[in-house]
Amino acid sequence: MVTDTAHYTLNDGNSLPVVGFGTAGLRGEEGVGAMQSALEVGYRLIDSAVNYENEAAVGTALRRSGLAREDVQVTTKIPGRHHEQALAVKSVEDSLRRLELEYVDLCLIHWPNPSVGKYVEAWRALVDLRARGLVRSIGVSNFTEQHLDDAIADTGVTPAVNQIELHPYFPQQDMRQVNASHGIRTQSWSPLGKQRAPFEESAVANAAEAHGVTPGQVILRWHLELGSLPLPKSATPLRQHQNLDVFGFSLSKSEIEAITGLGRPDGRLFGGDPDAHEEM
Ligand SMILES: NC(=O)c1ccc[n+]([C@@H]2O[C@H](COP(=O)([O-])OP(=O)(O)OC[C@H]3O[C@@H](n4cnc5c(N)ncnc54)[C@H](OP(=O)(O)O)[C@@H]3O)[C@@H](O)[C@H]2O)c1
C-alpha cells in the first residue's frame, strides 16, 4: 500500500513525494493563490517550467507558505529553444533568478525536439549544472527510448526521471517499461486526461463506487499502483485536496487492468506523433 508519507528513491539517491502538483496555466496573483493553497493542502512537489511563465509565482507561493525550502521540491524545465549547451546553462540560471532560489530539486529537458537534434547538448548542460549544485536531480520529458539511449551513451549519466503523457486513455505500457529498465522514474503529465478525463468509463466509475471515492481519485490511485508519479493540476482547493487524498484505499489487480485497458490508439491528448508538437 502506497502511503501519503511514501517517497520514491531516484537512481541518484535523492527522493520525491509520490504525488506532485501540476502548474501549467497557473500564473500571476491567481496562480500564486492556487499554489499557496496546494502547499497548504499538503503538496510538497511543484512542477513548473520556463514555458509555463510562472516560475516567479512558484517562488512567491513558496515564500508566502512559510514552509522551509528543504521541505518543498521544485521542478522546472528547459524549453526546446534553449537546448544548445550554453543556452541551456543560462536557461537554468535564469529560472533560478525568477524563482529566487539557490537550486531546483529537479530540472528536466521539456521536449527532445529531435528535428533540432540538440537534446544531448541540453543533457550535457544538466550534468554540469548538477555538478555545480544548481540542480539536485536531472531528468527528461517526452523522451523516447532512442532519445534516452543517445543521452546516456553520450554522458554515461542516466536521467532520474522521464515525465511523459500518461492517463487511462494513453497508459504508455512500453515507455513505462523502457523507463523502468533504465531505473528511471516515470512521472505522468495530464494524469487525469485533462479535458478528456475518462471519469464516466465503467472501469473508473465502478471502482469509484466500490471504494467510496471520486473517479479522479481512482485515476490518481491507478498511477500510484503503476509506480508512476502523477502531477495533477487543479486551481480548486477542494479538488487539490481530493487529488492528494488517494492513500486510504488501493485498487485490485483486475481494477488496475480494467483501467489500463481503456488505452486506445487515439488516446494521446495532443495527436499521434511526438515530433509533431515540438515545443519551443
Ligand atoms: N512535460 C510536459 O510536456 C507536460 C505537458 C502537459 C502537462 N505537464 C504537467 O502536468 C501537469 C498536469 O497536466 P494538465 O494540467 O495538462 O492536466 P490534468 O492534471 O490531467 O488535468 C487538469 C484539469 O483537470 C481538472 N481537474 C483537476 N482535478 C480534478 C478533479 N479531481 N475532478 C475533475 N476535474 C479535475 C482541472 O480543473 P480545475 O483547475 O478547475 O480543478 C484542469 O482543468 C501540468 O500542470 C504540468 O505541470 C507537463
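Side notes on the structure shown:
- Using alpha-carbon coordinates, inclination of helix 173-182 to the longest axis of the chain, degrees: 50
- Whole-Hz couplings from phi, Karplus 6.51/-1.76/1.60, listed for region 186-196; x for Gly and Pro: 7, 10, 9, 8, 6, x, 8, x, 6, 6, 10
- Relative contact order of the chain, pairs being alpha-carbon contacts under 8 Å that are 6 or more residues apart, as %: 20
- Residue of Ala151, Ala180, Ala125 that the Gaussian network model of the chain assigns the largest fluctuation, springs spanning Cα pairs under 10 Å: Ala180
- Proximity of backbone amide H atoms, modeled 1.01 Å from N, is registered between Leu45 and Phe21, Gln73 at under 5 Å, excluding neighbours fewer than 5 places apart on the same chain.
- Computed from backbone phi with θ = phi - 60° and the Karplus coefficients 6.51, -1.76 and 1.60, the 3J(HN,Hα) list for region 166-171 is 7, 7, x, 6, 9, x Hz; x is used for glycine and proline.
- Amide H contacts under 5 Å for Asp105, placed H, 5+ residues apart: Val74, Arg136
- The chain: most fluctuating residue of Ser228, Ser48, Ser115 per GNM, C-alpha cutoff 10 Å: Ser115
- Choice from His223, His241, His211 with maximal GNM fluctuation in the chain (Cα, 10 Å cutoff): His211
- Flagged links, alpha-carbon separation over 24 Å, of Lys118/Lys233; Lys77/Lys118; Lys77/Lys233: Lys118/Lys233
- Less than 5 angstrom separates the built amide H of Leu26 from none of the residues sequence-distant by 5 or more or on a different chain.
- Annotation: extensible slack from Glu40 through Val127 equals 28.0 nm (criterion: 0.36 nm per residue apart, minus Cα-Cα distance).
- Summarised in one figure, the compactness ratio Rg/Rh of the chain, Cα atoms and Kirkwood Rh, is 0.95.
Every number here is computed from the coordinates shown, using simple stated rules; none is lab data. Not measured: the values here are computed from a predicted model.
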